[in-house]
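S.K.: Please find one structure pasted underneath; my questions will follow.
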Amino acid sequence: MQTNPRLNIRQVTWANPVGADLRAAQQAELDPRFGTTDHEPGPAPSEADTAVFVVAYERCSGQPLGCGGLRMLDENTAEVKRLYVVPYARGSGVASSILAALEAQAHSHGFGVIAAEAGSAQSDGRSFYESAGFAPVPNFEPYIGVTDSHCYSKHIDSHSASHTAMA
């Protein structure tokens, strides 16, 4: 699952305290961006619907730098959830490495499609997904009818998952 020699990306449980802290930091950052704590349509991801959750640690210091997960939407599709990188590590390839690890895990779990969503206050997220090869798609549940929501998807197979991991 390693995609960046400076990182140690580990699969952990949803309940992992480091992962929980990173998810809380992400939500604390998004709340002011959206101007509310209620900025996620539908149910929040949970242990029950998260197929994979990873935490990226800086190899030399052991510091956690980011996280991300895959929520099962159906037997063929997983949605990227809680992809987050601590502010001081942004722009250093951590998010791309987490996404590559998630794509590889999605492929190994038998998913053929990865979906993602970014809201109106997340132009950085929209640019990130587009640069990672995700294509805009009509909003999927629970984002149908949410006008400020932008949904994406990417078909994955062994070639695309290994290509992303090498990037």
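The values are calculated or read from the model by the stated rules, or taken from the named source; none is laboratory data. Here the structure is a predicted model, which means the values were calculated and not measured. Neighbour counts are summed over all protein chains in view; Cβ atoms, including those assigned to glycine, are modelled from backbone coordinates with ideal geometry. Just the protein is used for accessible areas: all its heavy atoms, side chains included, with ligands, DNA and RNA removed. Shrake-Rupley method; radii C 1.70, N 1.55, O 1.52, S 1.80 Å.
S.K.: Take the Cα atoms of region 55-98, build their convex hull, and give its volume per residue in Å³.
M.R.: Working: hull volume 3.2 nm³, N = 44.
Each residue corresponds to 73 Å³ of Cα convex hull volume.
S.K.: I've got another one for you. Taking H placed 1.01 Å from N in the peptide plane, check which residues at least 5 places from K81 or on another chain put their amide H under 5 Å from its amide H.
M.R.: Answer set, sorted by chain and number: G69, L70, R71.
S.K.: For the chain, what value does the Rg/Rh ratio take when both radii are computed over Cα atoms and Rh is the Kirkwood radius, given to two decimals?
M.R.: 0.93
S.K.: Carbon-plus-sulfur fraction of the accessible area of the chain, 1.4 Å probe, in percent? Mind dumping the intermediate values first?
M.R.: Values: 4390 of 8010 Å².
Of all accessible area on the chain, carbon and sulfur atoms account for 55 percent.
S.K.: Further question: What's the extension gain from A48 to Q63 if we count 0.36 nm per residue and subtract their Cα-Cα distance?
M.R.: 2.7 nm
S.K.: Can I ask one more? Report, by chain and number, residues whose modeled amide H sits under 5 Å from the one on R59, excluding near sequence neighbours (fewer than 5 apart, same chain).
M.R.: It is L7, N8, by chain and number.
S.K.: Quick check on packing: order 97-109, 54-66 by the mean number of other C-beta atoms within 10 Å, highest mean leading.
M.R.: 97-109, 54-66
S.K.: Whole-Hz ³J(HN,Hα) for each residue in region 8-23, computed from phi via Karplus 6.51 cos²θ - 1.76 cosθ + 1.60 with θ = phi - 60°, x for glycine and proline: what do you get?
M.R.: Working through the residues one at a time gives 10, 9, 10, 7, 10, 6, 4, 7, 3, x, 5, x, 4, 5, 5, 5 Hz.
S.K.: If I take R0 = 22 Å and measure r between the Cβ atoms of V12 and D74 in this structure, what FRET efficiency does the formula 1/(1 + (r/R0)^6) give, to the nearest 0.05?
M.R.: Using R0 = 22 Å, I get an efficiency of 0.35.
S.K.: When only C-alpha pairs under 8 Å and at least 6 residues apart count, what is the relative contact order of the chain, in percent?
M.R.: 21 percent
S.K.: Tell me, what is the per residue accessible area of region 82-152 in Å², probe radius 1.4 Å?
M.R.: Averaged over the residues of region 82-152, the accessible area is 43 Å².
S.K.: OK, next. How much net charge surrounds A24 when only other residues with a Cβ under 12 Å from its Cβ are counted (Lys, Arg +1; Asp, Glu -1)?
M.R.: Charge balance in the 12 Å sphere: -1.
S.K.: Sequence-distant or interchain residues sharing an amide H contact under 5 Å with W14, placed H: which?
M.R.: none
S.K.: For region 52-61, in order, what is each residue's ³J(HN,Hα) by Karplus, 6.51 cos²θ - 1.76 cosθ + 1.60 with θ = phi - 60°, in whole Hz (x at glycine and Pro)?
M.R.: In residue order, the calculated couplings are 8, 9, 10, 10, 9, 10, 5, 4, 6, 9 Hz.
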